[in-house]
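Below: the structure, in structure tokens.
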Amino acid sequence: MRRTNLETNDTGAIETLGRDQQDTGNIIRYNLILDSVGMVSTPEGKIVTPYFTWGIYLDDYSSGTTVFGNIVARTVNGGICVHGGKNNLFENNIFVDASVEQIRLQPRDDFMQGNRFVRNIVVYSKPESTLIFSWDNRRDRFAEWDYNLYWLRGADLRGINRRITPLGTFEEWLKAGFDAHSLVADPLFVAPEKDDYRLRRDSPAWKLGFRAIPVEKIGYRGWRGENRIRQ
């Protein structure tokens, strides 16, 4: 999926709604999402783009969803957004170069809890971007946040002395017990300039339990599952 949301905003290349607040069992797996754009028009008639979009958006209490093995690059407000849901699992995904923030959390009330963010790779290039943005700093929003790999090109996350996580600096995030086993290191993509985000054999992500994403299964030409469209 490439260059989606050209005329809309507050959405994602993939978006779910969960207004019944039930665990769904939905699975979002093996997608390549590039350049989710977003657009808005001002009262003066000016078009603003890119604007307020994500790669994968679990909106309005979406719960019980597994997001696994996706590659998301060059979004605006993050590779993912969690808007109020619970018991969602984000595992084994790659998020690259969002503009404003890399991960966005939008708790609405006490409902949002029990989510897990494990064994993901987050890479970005703009030091002014936020790593993890949240509307509040409650620790129970996520039951687990660990075994991830982070990399800020050209700078050290641990040396940024401003708020880039819900709890402040990255060091303050670590001191609170999050990402206890995570690493800050170059993931060693094969050819990111060509959007080839496969990992080299010497990638530090393997030590964290990251599993190879079968890129040959991504897209309508690659997938050969039971539910594929037959001509």
Legend entry - the chain: calculated mean residue ellipticity at 222 nm from DSSP helix runs of at least 4, using -39500 (n - 2.57): -500 deg cm²/dmol
Inset, instruction - Sticking with the crude label model, points 7 Å out along Cα→Cβ, report the distance from Leu6 to Glu216 in nm, one decimal please. - result: 3.3
Inset, instruction - Give the peptides 128-140, 186-198 in descending order of average Cβ contacts within 10 Å, highest first. - result: 128-140, 186-198
Legend entry - Amide N proximity, region 70-94 versus Asp20 label position 7 Å along Cα-to-Cβ, cut-off under 20 Å: 83-89
Inset, instruction - Quick one: how many lysine pairs does region 11-217 have with C-alpha atoms less than 26 Å apart and a gap of 8 or more or different chains? Give me the count, please. - result: 7
Inset, instruction - Provide, in order from the shortest bin, the percent of all Cα-Cα pairs of region 1-132 in each 5 Å bin, continuing until the bin that contains the maximum pair distance. - result: 2, 12, 22, 23, 20, 13, 5, 2, 1
Inset, instruction - Evaluate the charge dipole of the chain about its Cα centre and quote only its size in Debye, nearest 20, assuming +1 on the Cβ of each Lys and Arg and -1 on the Cβ of each Asp and Glu. - result: 720
Legend entry - Virtual spin-label span in nm between Glu171 and Asp110, 7 Å along Cα→Cβ: 3.6
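Can you give the FRET efficiency for Asn161 and Asp140, using 1/(1 + (r/R0)^6), R0 = 45 Å, r = Cβ-Cβ distance, to the nearest 0.05? Kindly include the intermediate steps, with their values, before the conclusion.
Working: r = 27 Å, r/R0 = 0.60.
The computed FRET efficiency comes out at 0.95.
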Legend entry - Rg(Cα)/(2.2 N^0.38 Å) for the chain, N = residue count: 0.99
Inset, instruction - Any chance you could check the Cα centroid distance between region 1-31 and region 125-166 for me, in angstrom? - result: 23
Inset, instruction - Would you mind ranking Phe210, Phe68 by Cβ crowding within 10 Å, fewest neighbours first? - result: Phe68, Phe210
Inset, instruction - Run the numbers on the chain and let me know its relative contact order in percent, using alpha-carbon pairs under 8 Å that are six or more apart. - result: 14
Inset, instruction - Give me Rg over Rh for region 101-227, both radii from the alpha carbons and Rh done the Kirkwood way, two decimal places. - result: 1.01
Legend entry - Cβ charges +1 (Lys, Arg) and -1 (Asp, Glu), total dipole of region 166-219, debye: 300
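Values quoted throughout were computed directly from the atomic coordinates according to the rules given, and no laboratory measurement underlies them. Only a predicted model underlies this, so the values are computations on that prediction, with no experimental measurement involved. Please note: Cβ atoms are built from the backbone with ideal geometry, for glycine as well, and neighbour counts cover all protein chains shown.
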